[in-house]
Amino acid sequence: MNDVLRAIMERRSIRKYSDRPVKREDIETVLQAGLYAPTGGDAEPWHFGVLSDREMIDALDEKARAAMRASGIDRIVAMGENPKYRIFFGAPVVIMIYGEKVLRKTGTHLSALADCSAAIQNMQLAAFSLGLGTCWIGLIRYLFPADRCMAPEGYDPLYAMTLGYSAGPEAIRPRSRREGTVTWF
Ligand SMILES: Cc1cc2nc3c(=O)[nH]c(=O)nc-3n(C[C@H](O)[C@H](O)[C@H](O)COP(=O)(O)O)c2cc1C
């Protein structure tokens, strides 16, 4: 199996991180991989915010969990109330992903959510290739109605991604995928 396929098959969401800091050049490489994702109409409708300050990450984690507790959705409230739960799992780096709100290039259909998602997948695979763990964080969305998470003007916060060295067993569940999700016509 080549390195690209191995990264795709073996990457797992990492939910336990060590305190070991991530080198700035590795963070830059991961971001660079995101920037090379395909985008509809070549629009690159994204912006990335890098958090590597422990206090800043923990403050955002606390705010996000408070928003989960206030969501009114039983499962989400229960997660937010779990004293052991941290939305960023103690990761030393969190990358915020922001999508551009409006058409920048005339005639181009802006598909920021798809484009940003492609960037996140690229970043996850690049991080894996560097021996780093990641987790895509969609639950941060409960915070967005109240807090734009430092999104620049003209952009919406969409997702977060944790980044750091794994502190636990990487495979948290067996590597298997649902059957019957492909039809050959
Ligand atoms: C859009 C999206 C949102 C996600 N949000 C979260 C999240 O908020 N918290 C979390 O722990 N995992 C989150 N995940 C990770 C998934 O749970 C994970 O990718 C899935 O269970 C498959 O496991 P794997 O990544 O180890 O292959 C998210 C994944 C995606 C694609």
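Any residue at all in region 10-19 that's within 13 Å of the ligand (Cβ to nearest atom), at pLDDT below 95 and in a helix (DSSP H, G or I)?
There is at least one residue in region 10-19 that is within 13 Å of the ligand (Cβ to nearest atom), at pLDDT below 95 and in a helix (DSSP H, G or I).
Would you check which residues across region 91-106 are surrounded by 12 or more Cβ atoms within 10 Å (Cβ to Cβ) and over 14 Å from the mean Cα position of the chain (by Cα) and list them?
Filtering region 91-106 for residues surrounded by 12 or more Cβ atoms within 10 Å (Cβ to Cβ) gives 91-101, 103-105.
Those that are surrounded by 12 or more Cβ atoms within 10 Å (Cβ to Cβ) and over 14 Å from the mean Cα position of the chain (by Cα): E100, K101, L103, R104, K105.
Please find, within region 125-171, the residue that is farthest from V77 (Cα to Cα) out of those that are crowded, with 22+ Cβ neighbours inside 10 Å and of a type in the set (S, T, N, Q).
If we take residues in region 125-171 being crowded, with 22+ Cβ neighbours inside 10 Å and of a type in the set (S, T, N, Q), then T134 is farthest from V77 (Cα to Cα).
Considering only region 17-30, how many residues are in contact (Cβ under 8 Å) with a residue 12 or more places away in the chain and surrounded by fewer than 18 Cβ atoms within 10 Å (Cβ to Cβ)?
Total satisfying the criteria: 6.
Can you tell me which residue among A64, A43, A7 is small (G, A, S), within 14 Å of the ligand (Cβ to nearest atom) and at pLDDT below 95?
Criteria check complete, one pass: A7.
I need the full set of residues from region 44-94 which are part of a helix (DSSP H, G or I), farther than 20 Å from D156 by Cβ and of a type in the set (D, E, K, R), in order please.
Selection gives R54, E55, D58, D61, E62, R65, R69, D74, R75, E81.
Out of the residues in region 113-124 that are more than 10 Å from the ligand (Cβ to nearest atom) and surrounded by fewer than 19 Cβ atoms within 10 Å (Cβ to Cβ), state the one that is farthest from L35 (Cα to Cα).
Among those residues, the one meeting the criterion is A114.
Residue under question is S52, and the condition is that it be under 19 Å from K16 (Cβ atoms) and either small (G, A, S) or crowded, with 21+ Cβ neighbours inside 10 Å (or both); does it hold?
Considered against the rule, which asks whether it is under 19 Å from K16 (Cβ atoms) and either small (G, A, S) or crowded, with 21+ Cβ neighbours inside 10 Å (or both), S52 comes out as yes.
Which of the residues belonging to region 18-40 are within 13 Å of G131 (Cβ to Cβ) and in contact with a strand residue (DSSP E or B) (Cβ under 9 Å, 6 or more places away or on another chain)?
Going residue by residue through region 18-40, those that are within 13 Å of G131 (Cβ to Cβ) are 18, 20, 22-23, 26, 29-30.
Of everything in region 18-40, those that are within 13 Å of G131 (Cβ to Cβ) and in contact with a strand residue (DSSP E or B) (Cβ under 9 Å, 6 or more places away or on another chain) turn out to be S18, R20, V22, D26, V30.
Hey, I140 hits all of (1) away from the ligand (no atom under 12 Å from the Cβ); (2) touching a Pro at 6+ places or on another chain (Cβ under 9 Å) but one; which does it fall short on?
Result: I140 passes all but (1).
The values are calculated or read from the model by the stated rules, or taken from the named source; none is laboratory data. Being a predicted model, the structure only gives us computed values, none of them experimental. So basically every Cβ, Gly included, is an ideal-geometry build from the backbone, and we count neighbours across all protein chains shown.
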